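The values are calculated or read from the model by the stated rules, or taken from the named source; none is laboratory data. This structure is a prediction, so every number in the text was calculated from the model and none was measured. Every residue, glycine among them, receives a Cβ derived from its backbone with ideal geometry; neighbour counts consider all protein chains shown.
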Amino acid sequence: MKVVVTGTRGIPDILGGIETHCEELLPRIAALGVDITVTRRKGYANDKATEWNGVHLVDIDAPRSKTLEAIVHTFKSIVYAKKHGADIVHIHAVGPALLVPLVKLLGMKAVFTHHGPDYDREKWGRFARFMLRLGERMGTRFADKVIVISSVIRDILVKKYGRNDCHLIYNGAPTAHFNNDDSYLEELGIEPKKYVIGMWRFVPEKNLEHLIRAFDMAFPKDTEGNRRDGMKLVLAGDADFKDGYYHRLERLTREQEVILPGFVRGEKLQTLLTNARCFVLPSSHEGLSIALLEAMSYRLPVIVSDIPANKVVELGDESYFHLGNVEELAKKLKSNAENEFHKVSYDMSRYDWDKIATATAEVYRSLNIEH
């Protein structure tokens with residue numbers, strides 16, 4: 001059984017939720033005996049490797065364009081899959097799912113993973129939103145198997161398209177590796193338990209500006225320019241495109257002296273998550289945030305917006321604030337800093353990547369590929 005995976009920028013060490021999903025998932029599926037290839041967008045690949053942890057890597061050109069990049073790359077990936085004898089094409093996300101019918105037309109099986117209603121993202125214009133909705137429709141109606149990463153998404157597909165046979169397979173949480181080496185913190189100018197952390201791509205729907213404003217309200221500067229309680233705000237991540245939003249955000253972070261370590265992985269990220277005071281996710285759109293799950297795996301207190309995708313994680317009331325309510329978020333941040341710090345025990349059993357890989361491989365095998 002040969003599987004080609006597309007709809008992602010690629011793996012490993014490429015920024016993005018779907019990218020992290022595939023980085024954790026695909027090597028585990030390969031270890032279960034599945035011949036699996038991921039097609040990477042050439043402009044994002046950090047190396048020229050052709051194999052990583054048992055997963056075949058193929059780099060395919062695509063225009064560096066917010067609107068055309070994903071669909072052009074997916075088209076080329078499907079053609080590649082047919083040419084190289086793939087049995088299954090596994091497409092991630094609603095935009096690339098527009099081409100699920102092409103997979104079927106070329107005689108291959110199609111698996112579609114729905115990571116969330118991307119047409120709700122603020123960065124898209126009217127036409128792009130229409131195409132993303134159409135992609136959701138094409139993927140849901142024509143894929144042989146549909147995987148959803150949360151019950152919220154499953155309910156959307158049942159209500160809109162009557163697709164009752166979706167496979168609910170959650171996102172997972174990477175294994176926590178606690179790291180108390182303070183040298184990286186010293187490099188950034190922060191102290192253990194004296195900083196709030198967020199980590200995402202810098203896009204409008206993450207509402208970074210809400211967090212920055214709330215942080216400024218919770219920890220105002222004194223006459224010497226120092227924050228109350230010595231707190232700092234760390235935003236780990238980067239933007240795919242240096243557009244107008246990015247430049248506005250850049251100015252705001254500079255004015256508020258936000259610490260921007262960039263896209264952080266490995267021991268540096270482990271250090272940041274081990275020593276943070278709390279993790280914040282103020283976004284208006286999510287599927288099931290891997291960043292949130294990762295913060296939970298480090299037993300951090302978390303403060304998140306009350307959107308359905310975050311509510312499904314079933315945190316306590318103290319962890320939620322009303323979407324867009326900057327004053328409420330500021331109060332939550334202040335309360336967290338004033339109370340004695342303590343680790344939080346979460347039930348992470350359904351976010352186990354090994355179980356998720358086994359469930360996904362079973363979806364492939366249920367297609368009864370014969371050779």
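Remarks
- Of the residues making up the range 208-256, those that are β-branched (Val, Ile, Thr) and in contact (Cβ under 8 Å) with a residue 24 or more places away in the chain are 212, 234, 253.
Here's the yes/no breakdown for (1) under 20 Å from residue 310 (Cα atoms); (2) at pLDDT below 95; (3) surrounded by fewer than 16 Cβ atoms within 10 Å (Cβ to Cβ); (4) touching a His at 6+ places or on another chain (Cβ under 7 Å):
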| site | (1), (2), (3), (4) |
| --- | --- |
| 140 | no, no, no, no |
| 184 | no, yes, no, no |
| 198 | yes, yes, no, no |
| 220 | no, yes, yes, no |
| 223 | no, yes, yes, no |
| 252 | no, yes, yes, no |
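- In the range 326-346, the qualifying residues are those that are small (Gly, Ala, Ser) and over 11 Å from residue 301 (Cβ atoms), and the one that is modelled with the lowest pLDDT is 345.
- Residue, surrounded by the most Cβ atoms within 10 Å (Cβ to Cβ), within the range 148-181, restricted to residues that are of a type outside the set (A, V, I, L, M) and in contact with a strand residue (DSSP E or B) (Cβ under 8 Å, 6 or more places away or on another chain): 150
- Looking across the range 1-33 at every residue that is assigned to a loop (DSSP other than H, G, I, E, B) and touching a helix residue (DSSP H, G or I) at 6+ places or on another chain (Cβ under 6 Å), the one that is nearest to residue 366 (Cα to Cα) is identified as 32.
- The lone exception for residue 110 - which of (1) among the small types (Gly, Ala, Ser); (2) part of a loop (DSSP other than H, G, I, E, B); (3) modelled with pLDDT of 95 or more it fails: (2)
- Applying the condition of being β-branched (Val, Ile, Thr) and either over 12 Å from residue 10 (Cα atoms) or in contact with a Phe, Trp or Tyr (Cβ under 9 Å, 6 or more places away or on another chain) (or both) to the range 51-73 and asking which residue is surrounded by the fewest Cβ atoms within 10 Å (Cβ to Cβ) yields 67.
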